[in-house]
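Below is one structure, written out as structure tokens; comments come after it.
The values are calculated or read from the model by the stated rules, or taken from the named source; none is laboratory data. Quantities reported herein were computed from a predicted structural model and do not represent experimental measurements. Here the Cβ is made from the backbone with ideal geometry for all residues, glycine too, and neighbour counts use every protein chain on show. These accessible areas exclude ligands, DNA and RNA; they are computed on the full protein's heavy atoms, side chains included. Shrake-Rupley method; radii C 1.70, N 1.55, O 1.52, S 1.80 Å.
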Amino acid sequence: MAGGVIFTANTKAYPGNLTCKVLVTCLVAACGGLIFGYDIGISGGVTSMAPFLKQFFPDVYKKQSQIIASSNQYCKFNSTTLTMFTSSLYVAALVASVIASFVTKAFGRRSSMIIGGVTFCIGALFNGFAVKLWMLILGRILLGVGIGFANQSVPLYLSEVAPYKYRGACNVLFQLSITVGILVANAVNYGFAQIKGGWGWRLSLGGAIVPAIIFIVGSCTLADTPNSLIQRGKLEDAKRRLLIIRGVDNVDEEFNDLVEATEQSKKIESPWLNLLSRKYRPQMFFAVAIPFFQQLTGMNVFMFYTPVLFKTMGFGDNASLLSALITGSVNMLATIVSILLVDKWGRRFWFLIGGAQMLICQVVITTAVAMKFGLNGNPGELHMWYAVLVVGFICIYIAGFAWSWGPLGWLVPSEIFPLEIRSAAQSVNVSVNMIFTFFIAQIFLQMLCALRFGLFIFFMFWVVVMTIIIYYFLPETKGIPIEEMAGIWREHWYWKRFVMVADEELAQVKDTNKVARV
Ligand code: BGC
């Protein structure tokens with residue numbers, strides 16, 4: 001029997017409701033996802049706008065017009081400089097998330113959120129008003145820093161504020177706002193691309209200040225999480241805050257446990273060095289594996305390049321953009337399903353269902369593309385039934401991601417880390433996510449050109465691997481208070497060996513201390 005398949009930890013049941021206050025708090029904090037989503041959705045469209053390319057990447061523009069005339073459809077959008085524009089942001093986000101881990105710990109989750117929003121806003125202004133390439137690149141770096149700070153702090157904020165029974169739903173609001181950001185950006189690109197005079201790209205890029213301002217204003221109205229307040233010695237504030245967000249008269253048990261968890265966490269001097277210690281092996285495994293696998297589902301191929309992919313398949317310009325709007329809507333709607341059901345059916349269920357669903361769709365899409373395009377990528381005439389089949393299965397694939405790996409990729413890491421390493425471990429999660437988002441954004445067009453329809457086989461392989469790993473190695477985390485999460489590893493067939501050893505060591509230290517005192 002796979003470890004953790006049937007699992008209920010011995011947990012406490014703290015009182016607490018999903019109050020209006022906590023819901024609004026979560027909705028406001030989740031707006032952090034808007035800036036991330038807006039950027040994911042906007043860059044692909046902008047880099048396909050001819051006036052933008054002409055002004056900043058004239059060589060790419062020239063090369064693209066020549067290649068478009070060539071016969072191999074798979075290669076017509078391949079350009080390293082262009083993908084560099086899209087992906088450079090992720091490198092900045094990666095570095096920023098490490099810096100954010102210190103800020104989040106020392107000054108609270110909310111401070112990181114505000115810093116993230118402000119930096120993103122400045123980046124958007126640089127991009128919107130860019131007249132030179134350096135302004136564009138500086139803008140991208142600032143956007144990346146903003147995303148690094150926001151993604152490091154918002155998921156933690158949500159998981160700490162939510163009552164544990166509704167933690168999944170509250171945390172998935174972050175993913176929902178990512179998908180709203182992507183969809184809005186797709187629509188905005190579509191509209192602004194039509195503007196005469198060719199300056200629509202300025203509005204697309206500069207428009208990023210709107211989600212940034214929503215996020216900044218929202219974050220300023222929020223109070224920090226009780227966990228963070230306790231960590232910073234503000235016990236009374238923390239208790240008051242806990243009473244408000246739980247909406248009950250007595251939060252003593254939860255409060256005392258939070259204080260105890262904080263005391264324990266203070267004994268850890270260097271969370272970064274501690275990440276490598278044996279007892280945190282299960283958490284660190286997932287801090288790396290979950291974001292890695294999330295990106296290796298291949299989802300961002302569709303997010304960044306849907307219009308390009310549809311054009312490659314022979315769809316016209318408008319049909320391609322319209323299809324991108326359809327896939328964006330499916331992404332958002334399916335995330336709502338996750339909000340409603342992730343606390344009911346659990347994380348493992350959705351991970352496994354999503355994996356199977358994505359795999360089936362990838363098989364169908366690959367077969368359809370291979371049969372139609374063959375090796376040289378010339379589709380001939382595209383029939384309606386073919387277009388409907390491909391777009392339909394891409395939509396089912398996207399729904400599969402949107403109710404599984406998308407939200408769970410942010411939810412599960414944010415709930416499994418113990419307080420003492422939470423901030424540092426979360427930045428590992430964000431960094432790995434950014435590295436592989438960068439990797440996919442950067443090499444996808446070259447891979448499409450080199451592997452042709454075999455590209456999807458590459459992603460299929462990883463979907464199989466990730467589904468097997470979840471089945472055997474991830475215990476269920478639904479309905480377990482966040483500071484009680486350590487228990488899930490103790491009862492897991494594989495991970496218990498790591499945690500038990502640590503427990504024994506701790507007991508030995510306690511015994512030695514006792515003897516010394518006697
Ligand atoms: C991922 C992004 C992805 C988005 C799509 C997020 O969870 O981290 O890389 O583009 O979902 O909705």
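Of everything in region 172-211 that is in a loop (DSSP other than H, G, I, E, B) and more than 19 Å from I147 (Cβ to Cβ), the residue that is least open to solvent (accessible area, probe 1.4 Å) is G198. Pairing each residue of region 360-387 that is at positive phi and open to solvent by less than 40 Å² (accessible area, probe 1.4 Å) with any residue that is modelled with pLDDT under 80 and in a helix (DSSP H, G or I), provided the two are 6+ apart or on different chains, yields C-beta distances under 8 Å for G377/Q73; G377/Y74; G377/C75; G377/T312; G377/R452. Scanning region 126-156 for residues that are assigned to a helix (DSSP H, G or I), touching a helix residue (DSSP H, G or I) at 6+ places or on another chain (Cβ under 8 Å) and under 17 Å from F56 (Cα atoms) turns up F126, N127, G128, L133, M135, L136, I137, L138, G139, R140, I141.
Check off (1) open to solvent by less than 30 Å² (accessible area, probe 1.4 Å); (2) at pLDDT below 90; (3) over 19 Å from the mean Cα position of the chain (by Cα); (4) among the aliphatic types (A, V, I, L, M) for I68 and give me the number that stays unchecked. Only one criterion is unmet by I68, namely (1). Out of curiosity, is A169 assigned to a helix (DSSP H, G or I), open to solvent by 40 Å² or more (accessible area, probe 1.4 Å), away from the ligand (no atom under 12 Å from the Cβ) and of a type in the set (G, A, S)? Here the answer is no, as A169 does not meet what is asked.
Scanning region 133-167 for residues that are without any contact (Cβ under 8 Å) to a residue 12 or more places away in the chain and closer than 15 Å to F36 by Cβ yields no hits at all.
Yes/no matrix, rows are residues, columns are (1) among the aromatic types (F, W, Y); (2) surrounded by 22 or more Cβ atoms within 10 Å (Cβ to Cβ); (3) away from the ligand (no atom under 16 Å from the Cβ); (4) in a helix (DSSP H, G or I):
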{"position": "V428", "(1), (2), (3), (4)": "no, yes, no, yes"}
{"position": "N433", "(1), (2), (3), (4)": "no, yes, no, yes"}
{"position": "L445", "(1), (2), (3), (4)": "no, yes, yes, yes"}
{"position": "I457", "(1), (2), (3), (4)": "no, no, yes, yes"}
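Among the residues of region 237-252, the ones that are open to solvent by 90 Å² or more (accessible area, probe 1.4 Å) and part of a helix (DSSP H, G or I) come to 1 in all.
Scanning region 282-305 for residues that are modelled with pLDDT under 90 and away from the ligand (no atom under 11 Å from the Cβ) returns a single hit, Y305.
Contact annotation: residue pairs with Cβ atoms under 7 Å, 6 or more positions apart or on different chains, pairing a residue in region 94-113 that is at positive phi with a partner that is open to solvent by 40 Å² or more (accessible area, probe 1.4 Å), are G108/R232. When residues in region 395-425 are screened for being of a type in the set (V, I, T), buried (at least 24 other Cβ atoms within 10 Å of the Cβ) and within 24 Å of M371 (Cα to Cα), 1 of them pass. Summed over region 10-24, residues that are in a helix (DSSP H, G or I) and open to solvent by 10 Å² or more (accessible area, probe 1.4 Å) total 4.
A Cβ distance below 8 Å, combined with a sequence gap of six or more or placement on separate chains, defines the contacts here; from region 269-293, residues that are assigned to a helix (DSSP H, G or I) reach no residue that is surrounded by fewer than 15 Cβ atoms within 10 Å (Cβ to Cβ) and among the hydroxyl-bearing types (S, T, Y). Out of all the residues in region 181-189, is one or more among the small types (G, A, S), in contact with a helix residue (DSSP H, G or I) (Cβ under 9 Å, 6 or more places away or on another chain), modelled with pLDDT of 95 or more and within 16 Å of the ligand (Cβ to nearest atom)? Within region 181-189, one or more residues are among the small types (G, A, S), in contact with a helix residue (DSSP H, G or I) (Cβ under 9 Å, 6 or more places away or on another chain), modelled with pLDDT of 95 or more and within 16 Å of the ligand (Cβ to nearest atom).
Those residues that are under 15 Å from V154 (Cβ atoms) and small (G, A, S), I need them from region 170-201; list them, please. Matches in region 170-201: S177, G181.
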